[in-house]
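Reading through the structure tokens given below for one structure.
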Amino acid sequence: MRQTLPFRTRLRRVTSQPPPVAVVIPAKDEAQRIDATIRAASAIANVDLVVVVDDGSSDETSLVARDAGADVVRHDRNQGKGKAMQTGAAYVARHEQATHALLFIDADLEESATQTGALVEPVVSGRADMTIAVLPTQKSAGGGRGFVVGLARRGIERLTGWTPTQPLSGMRCLTRDAFEAAQPLAHGWGVEVGLTVDVLRRGLTIEEVPCELHHRVTGTGFGDQLHRLHQYRDVWRALAVRRTRVALRRR
């Protein structure tokens, strides 16, 4: 069941035509999955642009994405998810219009990416400023112990009063106004936590939406554990920056 979670009620202007939607896909070394993800995302209602931000891939992610019909922007070196999202949103503003709603999705969703269409309607109808996908139990179990998720959930709750179901969910749709209200984006893997805190603290609304999405889950190897360590670091930093901002405003 969907539930709107307002931090503060505000009026919205109702328009007769829903705004177009631009899909932004940060990607690194996703040549095997990006084609199916792009084709699925392109089929979502109101989507008229798909932008892939190749964040320093060493494989043919850019080539495959371009062949699948996406606009491609490439970082010569890896700059992290937050920067990739920023680059994609800036591309949309330059080449289309700033009125586009932004749908951020992961590159490894493949055919299930069509399910992120459920995130669009609450945003384009004006019911929510940002939607967050709540994923089902994945087909393959991950190797994490929930430390990063716990840190993110507790931090968001302390700063906003709201407890998210899946605080690290990367599938989100939001208005351009909401995106701009959350500037500057948090670095790297802290971007989702930063977005949630910043959107809520600016009096905007978030709606969680169940989506039948499936993607690759990190395992238990050394590289996977290192990835979680980087996640923990970036989430901690995003929360620390926002705690400092709150403290400064109270002085």
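Based only on Cα atoms, what Rg/Rh ratio does the range 90-208 have, Rh being taken as Kirkwood's radius?
Across the range 90-208, the Cα-based Rg/Rh ratio is 0.96.
Can you list residues whose amide H is under 5 Å from Trp162's amide H, if they're 5+ apart or on another chain and H is modeled 1.01 Å from N?
none
For the range 207-214, take each phi angle, set θ = phi - 60°, evaluate the Karplus expression 6.51 cos²θ - 1.76 cosθ + 1.60, and give the result in whole Hz per residue in order, putting x for glycine and proline.
10, 8, 10, x, 9, 7, 10, 9
R0 = 35 Å: FRET efficiency of Trp162 with Ala45, Cβ-based, nearest 0.05?
It comes to 0.75.
Restricting to the chain, compute how many DSSP beta bridges are antiparallel as a %, nearest 5.
30
Mind giving me the FRET efficiency for Arg243 and Asn78? R0 is 22 Å, r the Cβ-Cβ distance, nearest 0.05 is fine.
Computed FRET efficiency for Arg243 and Asn78 comes out at 0.20.
Amide H to amide H, which residues 5 or more places from Ala128 or on other chains are under 5 Å from it, using H placed in the peptide plane?
Close amide H contacts, sequence-distant or interchain: Val123.
Looking at the square roots a ≥ b ≥ c of the eigenvalues of the Cα gyration tensor of the range 47-144, which shape do they give, rounded for a/c under 1.5, prolate if a/b is larger than b/c, or oblate?
Oblate, because a/c is 1.5 or more while a/b does not exceed b/c.
In nm, give the distance between the simple-model label positions of Glu96 and Arg251, each being 7 Å from the Cα along the Cα-to-Cβ direction.
Placing both labels 7 Å beyond Cα along the Cβ direction yields 4.1 nm.
Every read-out reported here was derived from the displayed coordinates using simple, explicitly stated rules and does not represent laboratory data. Because the structure is a prediction, the values reported are computed rather than measured. Cβ sites come from the backbone with ideal geometry, for glycine too, and all protein chains shown count toward neighbours.
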